[in-house]
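Please read the structure below before turning to the comments.
The values are calculated or read from the model by the stated rules, or taken from the named source; none is laboratory data. These figures come from a predicted structure and were not determined experimentally. Here Cβ is always computed from backbone atoms with ideal geometry, including for glycine, and neighbour counts include all displayed protein chains.
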Amino acid sequence: MQQDAIRFFFERFNLTYSDIDNLLGAALLRGGDYADLYFEYRLSSSVGMEEQIVKSATKSVSQGVGVRVITGEKTGYAYTDEIAFEAIKRAAETASYIGNSLEGTQSYAVNATPNIHNLYDVETPVAALELATKIELIKRGDEAARKFDRRIREVQSGLADEIKYVMIASSDGRLTGDVQPLSRYSISCIADDDGNLQVGRSGGGGRIGIEFYEDEQSPEAFGHEAARQAIIQLEAIDTPAGTMEVVLGPGWPGVLLHEAVGHGLEADFNRKETSAFSGLIGQQVASELCTVVDDGTLPTRRGSLNIDDEGEPTNRTMLIENGILRGFINDRLNAGLLKNQRTGNGRRQSYKHMPMPRMTNTFMLAGQDTKEDIIRSVKYGLYAVQFGGGQVDITSGEFAFSASEAYLIEDGKVTAPVKGATLRGSGPESLKRVTAVGNDLELDQGVGVCGKDGQSVPVGVGLPTIKIEGMTVGGTKA
Amino acid sequence: MAITTSKEFASQLAGEAVKRGASAAEVIIKQRREFSVGVRLGEVETLQESTDRGLGLRVLLDGKQASVSGSDFSKEALDDLMMEAIELVKATSPDDSAGLPEPEEFATVIEDLDLYDEEIEGLSAQEKISLALRCEDAARDVSPLIVNFEGGGFDTSSGSFILANSLGFAGEYRGTSCSIASVPVASENGRMQRDYWFDVRRKLNELDKPEDVGRIAAERTLRKLNARPVETQSVPVVFESRLAGSLIGYIFQAASGESIFRKASFLYGQLGERIANERVTIADDGRIRRGLGSRPFDAEGLPTRKTIVVHKGIFENYLLDTYTGRKLGMKSTGNASRGLVGAPGVDSGNFYLEPGEHSPQDIIASVKRGFLVTESLGFGINIVTGTYSQSAAGMWIENGELAFPVQGVTIAGNLREMLNAIEMIGNDLEFRGSVVAPTILIGKMTISA
């Protein structure tokens with residue numbers, strides 16, 4: 001993978017090792033602690049259908065090089081969309097302006113550094129499928145959703161895939177590369193029962209091969225799931241607002257962990273001391289039932305990477321261990337300034353963006369309880385199994401989430417579906433109120449996109465069934 | 001190796017696609033130069049500079065369409081891209097509504113809407129850094145409780161947009177923008193709060209003074225200190241301009257042809273009906289001089305225009321591009337927008353709630369007991385059903401005055417009922433963005449603790 005990527009850039013764009021060395025020299029011409037070059041070539045395509053016809057087919061090529069120079073806490077960044085020595089050199093000179101010394105004529109020599117991981121060595125990536133085969137996949141989902149119930153009116157299904165070649169050269173002498181496949185199937189539908197309109201969504205994917213969509217993650221399964229969610233919502237009653245026990249289902253509800261805790265543990269916020277978790281390493285930040293990790297090394301997962309976008313191998317990083325805050329999510333800049341270990345979490349949306357500390361796959365480890373016992377233990381509460389999206393203010397710790405599928409729990413039994421439930425709370429407080437953790441850890445199906453400072457990256461989330469006490473539920477009715 | 005980009009070049013490329021077998025083709029070229037300085041704690045933290053350009057090609061063949069994009073302008077790369085497009089289009093399905101606009105609809109005069117500022121192009125890096133630092137300094141000077149900054153900075157952007165198609169339209173315009181922002185952190189009693197303030201304009205001389213932006217950012221942050229929840233109750237709610245703007249943004253989504261033709265909007269089937277009280281007039285105007293959402297022609301080459309969406313409470317017009325117009329048996333309103341790849345979609349020009357006559361201070365003074373919303377969190381809005389539920393923060397109002405900061409509450413309602421319950425509209429409309437509204441007072445909403 002690493003060799004393939006390096007060869008790809010060298011051959012396609014006529015680059016040599018000495019070109020790379022010279023470009024790093026140009027970036028550090030005015031001094032600086034560190035420089036890197038991020039080469040990216042991305043081929044993406046998509047097909048989409050709606051109203052039972054194939055309405056869209058797209059293909060794009062995106063390519064460029066980002067040059068970064070770091071000096072202390074300062075970063076200079078420039079990029080070019082032309083992968084050619086002269087254009088990259090101009091970008092390097094622009095990025096070098098952050099440097100403040102007149103000398104910097106050191107020479108640099110990079111060597112290819114092999115990757116430790118090989119997490120998505122797929123035989124045939126989804127990108128290699130014939131267009132007709134992709135169209136067949138989106139048709140199957142569409143048909144399955146329509147067949148599920150006659151009240152399913154509108155269905156949109158789509159398949160997106162990409163192959164991304166990256167190569168990273170750094171002034172500390174490393175040249176790394178990776179070829180990263182990614183695919184995502186998505187389907188949404190509207191159920192219409194005499195003017196009562198409800199939406200359902202499903203999908204899945206990852207850094208996967210074509211076999212993925214033929215196993216249990218079939219287009220039919222996604223179509224059914226989207227339709228099922230929409231139909232259930234037709235019967236949903238208003239959510240009662242108030243403070244109550246909340247049970248989160250396994251899998252995608254881990255998005256709450258991602259927002260409420262994960263972002264607050266990103267090292268940039270902690271270096272700047274603007275996170276509600278700043279300065280709490282070694283302290284109790286969650287109930288002792290909670291152990292939370294960020295793991296970029298899970299094979300074929302959407303959030304996984306062989307190397308991060310700074311060329312560092314990804315890791316399994318312990319964030320919270322039995323309730324104690326153990327570590328942060330680090331990139332190079334912040335690990336250096338905080339004197340932490342790098343964790344392989346320096347990620348960026350594309351060559352147009354500077355890397356930042358970002359999550360990969362973030363989840364809570366399984367506990368002891370069964371889901372049935374957890375639900376049975378709740379007298380009156382909410383059981384939330386699917387979420388739309390959420391947001392966090394990392395400084396105050398406040399977060400908010402919208403559940404897209406949730407039910408009341410009454411006397412230990414799951415009863416009526418509710419609509420419009422939002423969960424609200426404070427990141428550092430809510431995990432302290434976790435009173436049960438299930439034995440049923442699941443990761444999400446591979447559709448997550450995380451946004452930060454205008455940059456989007458694919459991520460994974462996961463959770464076992466958990467119970468949180470005293471959670472604020474905002475409903476559509478007071 | 002690279003070919004100079006021009007509207008003639010774009011026209012020629014569209015013509016070439018037709019020669020290769022497309023029945024019609026459309027080319028867009030976007031070019032952009034950006035500069036960004038980030039400062040923190042009196043120092044430059046980041047300097048970023050970039051130039052990029054990209055090309056998108058949409059081809060049509062017997063009612064089918066497909067699109068491709070790339071940034072390599074070499075002849076070989078463009079040839080490959082064109083062949084890909086022709087291959088792709090064969091695989092899609094015929095769609096009666098897809099296609100270029102009718103030739104008589106295209107803009108014939110490309111009016112200069114004053115979107116470009118030489119002065120922005122002429123700023124030196126040092127001047128940009130100085131603007132950003134002045135903003136942060138002003139914020140710090142407001143109070144010793146401003147102990148930290150998440151960031152802040154000054155950004156500029158300058159770009160051009162070229163569109164040409166095989167029906168003979170070719171147009172080009174350029175524009176600039178500059179923005180300034182500060183994100184201070186205040187701390188008291190061991191609890192931190194952050195907020196931000198910003199300004200963004202087409203022209204440098206219209207941008208608020210860095211000192212004013214910094215001061216407002218600090219004041220907004222300070223007043224959040226020691227925020228607390230309030231009990232569940234139904235009270236009048238004032239949405240300050242920034243929040244009223246995001247509320248109006250949901251009305252745009254609901255009135256967009258894309259939601260309407262899918263019947264996925266609470267405004268579906270409501271054309272000609274009363275959807276708000278008579279105080280409410282909402283318009284979209286793509287031709288406001290110097291407007292951030294202004295452009296002389298839309299992404300299909302149609303002239304932009306002013307469309308009254310809601311007139312004194314009556315829902316009068318959808319916002320449409322050619323495709324959604326045809327789906328609904330109507331004409332485009334000149335609201336097509338597009339990225340490099342993909343078919344056009346519907347976007348706003350400058351979408352706004354018409355201002356009323358009350359000052360924001362008068363509006364707050366009129367409330368005996370209520371809530372001023374200054375921030376919201378979450379995605380609790382459903383355009384299909386119109387339900388609205390957001391985690392919110394702001395200030396409690398007692399006897400017409402701001403009493404204490406509030407955090408950790410949910411405000412819930414229904415967009416349609418909210419539009420009907422707008423009792424006062426402020427005179428403080430500012431085009432600090434392309435979807436904007438003045439301060440509004442909603443008669444009653446549920447706030448839950």
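Hey, which of the strands (runs of 3 or more DSSP E) in region B:165-272, taking only ones fully inside, have at least 2 residues that are away from chain A (no Cβ under 12 Å)?
Where strands (runs of 3 or more DSSP E) fall fully within region B:165-272 and carry at least 2 residues being away from chain A (no Cβ under 12 Å), they are B:170-188, B:197-201, B:233-239.
Pairs needed: first member in region A:341-355, part of a loop (DSSP other than H, G, I, E, B); second member anywhere, surrounded by fewer than 20 Cβ atoms within 10 Å (Cβ to Cβ); C-beta distance under 6 Å; at least 6 residues apart or different chains.
Between residues of region A:341-355 that are part of a loop (DSSP other than H, G, I, E, B) and residues that are surrounded by fewer than 20 Cβ atoms within 10 Å (Cβ to Cβ), the close pairs are A:344/A:313; A:349/A:455; A:349/A:456; A:353/A:455.
Restricting attention to region B:38-48, report how many residues are at the interface with chain A (Cβ under 8 Å from one of its Cβ atoms) and crowded, with 19+ Cβ neighbours inside 10 Å.
Let us first name the residues in region B:38-48 that are at the interface with chain A (Cβ under 8 Å from one of its Cβ atoms), namely B:40, B:43-48.
Then drop every residue that is not crowded, with 19+ Cβ neighbours inside 10 Å, which leaves B:40, B:44-48.
Matching residues across region B:38-48 total 6.
When you check residue A:402 against the structure, is it modelled with pLDDT of 90 or more, within 14 Å of chain B (Cβ to nearest Cβ) and surrounded by 24 or more Cβ atoms within 10 Å (Cβ to Cβ), yes or no?
Considered against the rule, which asks whether it is modelled with pLDDT of 90 or more, within 14 Å of chain B (Cβ to nearest Cβ) and surrounded by 24 or more Cβ atoms within 10 Å (Cβ to Cβ), residue A:402 comes out as no.
Does residue A:277 count as part of a loop (DSSP other than H, G, I, E, B), within 19 Å of residue A:394 (Cα to Cα) and either of a type outside the set (A, V, I, L, M) or in contact with a Cys (Cβ under 9 Å, 6 or more places away or on another chain) (or both)?
It is true that residue A:277 is part of a loop (DSSP other than H, G, I, E, B), within 19 Å of residue A:394 (Cα to Cα) and either of a type outside the set (A, V, I, L, M) or in contact with a Cys (Cβ under 9 Å, 6 or more places away or on another chain) (or both).
Does residue A:473 satisfy the criteria of being free of Cβ contacts under 8 Å to residues at least 60 places away in the same chain and part of a strand (DSSP E or B)? Explain how you work it out, then say what you get.
Details: free of Cβ contacts under 8 Å to residues at least 60 places away in the same chain: no; part of a strand (DSSP E or B): yes.
Judged against the criteria, residue A:473 is not a match.
Could you check how many residues of region B:321-331 are in a loop (DSSP other than H, G, I, E, B) and either surrounded by fewer than 24 Cβ atoms within 10 Å (Cβ to Cβ) or without any contact (Cβ under 8 Å) to a residue 24 or more places away in the chain (or both)?
Here is the first cut: in region B:321-331, the ones in a loop (DSSP other than H, G, I, E, B) are B:321, B:328-331.
Next, only the ones that are either surrounded by fewer than 24 Cβ atoms within 10 Å (Cβ to Cβ) or without any contact (Cβ under 8 Å) to a residue 24 or more places away in the chain (or both) stay: B:328-331.
Qualifying residue count for the region: 4.
Restricting attention to region B:360-408, report how many residues are away from chain A (no Cβ under 14 Å), aliphatic (A, V, I, L, M) and not in a loop (DSSP other than H, G, I, E, B).
8
Which of the following residues is among the small types (Gly, Ala, Ser), at pLDDT below 95 and at positive phi: B:408, B:380, B:400? Reasoning before the result, please.
Details: B:380 fails: at positive phi; B:400 fails: at pLDDT below 95.
Residue meeting the stated conditions: B:408.
For region B:409-449, how many residues are away from chain A (no Cβ under 14 Å) and assigned to a helix (DSSP H, G or I)?
Residues flagged as away from chain A (no Cβ under 14 Å) and assigned to a helix (DSSP H, G or I) within region B:409-449 amount to 2.
Could you go through region B:109-128 and let me know if any residue there is in a strand (DSSP E or B), of a type outside the set (Val, Ile, Thr) and not assigned by TED's automatic domain parsing to the domain that holds residue B:241.
no
Of the residues B:259, B:234, only one is farther than 24 Å from residue B:446 by Cα, in contact with a Ser or Thr (Cβ under 6 Å, 6 or more places away or on another chain) and surrounded by fewer than 23 Cβ atoms within 10 Å (Cβ to Cβ); which?
B:259
When region A:128-138 is examined, which residues are found to be crowded, with 18+ Cβ neighbours inside 10 Å and in a helix (DSSP H, G or I)?
Answer for region A:128-138, where residues must be crowded, with 18+ Cβ neighbours inside 10 Å and in a helix (DSSP H, G or I): A:131, A:134, A:135, A:137, A:138.
For residues in region B:52-92 being surrounded by fewer than 23 Cβ atoms within 10 Å (Cβ to Cβ) and in a loop (DSSP other than H, G, I, E, B), which is farthest from the other protein chains (Cβ to nearest Cβ)?
Only one residue tops the list, namely B:62.
In the set A:422, A:415, A:472, A:476, which member is at pLDDT 90 or above and within 30 Å of residue B:447 (Cβ to Cβ)? Explain how you work it out, then say what you get.
Working: A:422 fails: at pLDDT 90 or above; A:472 fails: at pLDDT 90 or above; A:476 fails: at pLDDT 90 or above.
Going through A:422, A:415, A:472, A:476 in turn, the sole match is A:415.
Just one of A:395, A:465 is farther than 20 Å from residue A:242 by Cβ, touching a helix residue (DSSP H, G or I) at 6+ places or on another chain (Cβ under 7 Å) and buried (at least 24 other Cβ atoms within 10 Å of the Cβ); which is it?
Of the residues listed, the single one that is farther than 20 Å from residue A:242 by Cβ, touching a helix residue (DSSP H, G or I) at 6+ places or on another chain (Cβ under 7 Å) and buried (at least 24 other Cβ atoms within 10 Å of the Cβ) is A:465.
Residue by residue, here is whether (1) more than 8 Å from chain B (Cβ to nearest Cβ); (2) small (Gly, Ala, Ser) holds:
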| residue | (1), (2) |
| --- | --- |
| A:41 | yes, no |
| A:45 | yes, yes |
| A:48 | yes, yes |
| A:76 | no, yes |
| A:80 | no, no |
| A:87 | yes, yes |
| A:101 | yes, yes |
| A:106 | yes, no |
| A:110 | yes, no |
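Out of curiosity, is residue A:360 of a type in the set (Val, Ile, Thr), in contact with a strand residue (DSSP E or B) (Cβ under 8 Å, 6 or more places away or on another chain) and within 30 Å of residue A:61 (Cα to Cα)?
yes
Please work out which one of (1) more than 19 Å from residue B:277 (Cα to Cα); (2) crowded, with 24+ Cβ neighbours inside 10 Å; (3) modelled with pLDDT of 95 or more is the condition residue B:442 fails and give its number.
Status for residue B:442: all satisfied but (1).
Could you check residue A:428 against (1) more than 12 Å from chain B (Cβ to nearest Cβ); (2) crowded, with 18+ Cβ neighbours inside 10 Å; (3) farther than 27 Å from residue B:234 by Cβ and say which number it fails?
Going through the list (1) more than 12 Å from chain B (Cβ to nearest Cβ); (2) crowded, with 18+ Cβ neighbours inside 10 Å; (3) farther than 27 Å from residue B:234 by Cβ, residue A:428 breaks only (1).
I'd like to check something: does region A:446-453 contain any residue that is over 20 Å from the mean Cα position of the chain (by Cα), modelled with pLDDT under 95 and within 14 Å of chain B (Cβ to nearest Cβ)? Steps first, please.
Residues of region A:446-453 over 20 Å from the mean Cα position of the chain (by Cα): none.
No: region A:446-453 contains no residue that is over 20 Å from the mean Cα position of the chain (by Cα), modelled with pLDDT under 95 and within 14 Å of chain B (Cβ to nearest Cβ).
I'm trying to understand the selection: among the residues of region B:306-320, which are closer than 16 Å to residue B:415 by Cβ and not in a loop (DSSP other than H, G, I, E, B)?
Selection gives B:309, B:310, B:315.
From the residues in region B:93-110 that are surrounded by fewer than 14 Cβ atoms within 10 Å (Cβ to Cβ) and under 32 Å from the mean Cα position of the chain (by Cα), which one is farthest from the other protein chains (Cβ to nearest Cβ)?
B:109
Among the residues of region A:285-304, is any assigned to a loop (DSSP other than H, G, I, E, B), of a type in the set (Asp, Glu) and either within 14 Å of chain B (Cβ to nearest Cβ) or buried (at least 23 other Cβ atoms within 10 Å of the Cβ) (or both)?
Within region A:285-304, not a single residue is assigned to a loop (DSSP other than H, G, I, E, B), of a type in the set (Asp, Glu) and either within 14 Å of chain B (Cβ to nearest Cβ) or buried (at least 23 other Cβ atoms within 10 Å of the Cβ) (or both).
May I ask you to list the residues in region A:143-157 that are within 12 Å of chain B (Cβ to nearest Cβ) and buried (at least 23 other Cβ atoms within 10 Å of the Cβ)?
A:155 - this is the single residue of region A:143-157 that is within 12 Å of chain B (Cβ to nearest Cβ) and buried (at least 23 other Cβ atoms within 10 Å of the Cβ).
Could you check residue A:243 against (1) assigned to a loop (DSSP other than H, G, I, E, B); (2) surrounded by fewer than 20 Cβ atoms within 10 Å (Cβ to Cβ) and say which number it fails?
Residue A:243 satisfies every listed condition except (1).
Please state which one of A:94, A:58 is facing chain B (nearest Cβ under 8 Å), modelled with pLDDT under 95, buried (at least 23 other Cβ atoms within 10 Å of the Cβ) and outside any loop (DSSP other than H, G, I, E, B).
So the residue among A:94, A:58 that is facing chain B (nearest Cβ under 8 Å), modelled with pLDDT under 95, buried (at least 23 other Cβ atoms within 10 Å of the Cβ) and outside any loop (DSSP other than H, G, I, E, B) is A:94.
Considering B:339, B:334, B:356, which residue is buried (at least 24 other Cβ atoms within 10 Å of the Cβ) and part of a loop (DSSP other than H, G, I, E, B)?
Just a single option satisfies the conditions, and that option is B:334.
Which members of region A:460-478 meet the condition of being out of contact with any Lys or Arg (no Cβ under 7 Å at 6 or more places or on another chain) and away from chain B (no Cβ under 13 Å)?
A:461, A:462, A:463, A:464, A:466, A:467
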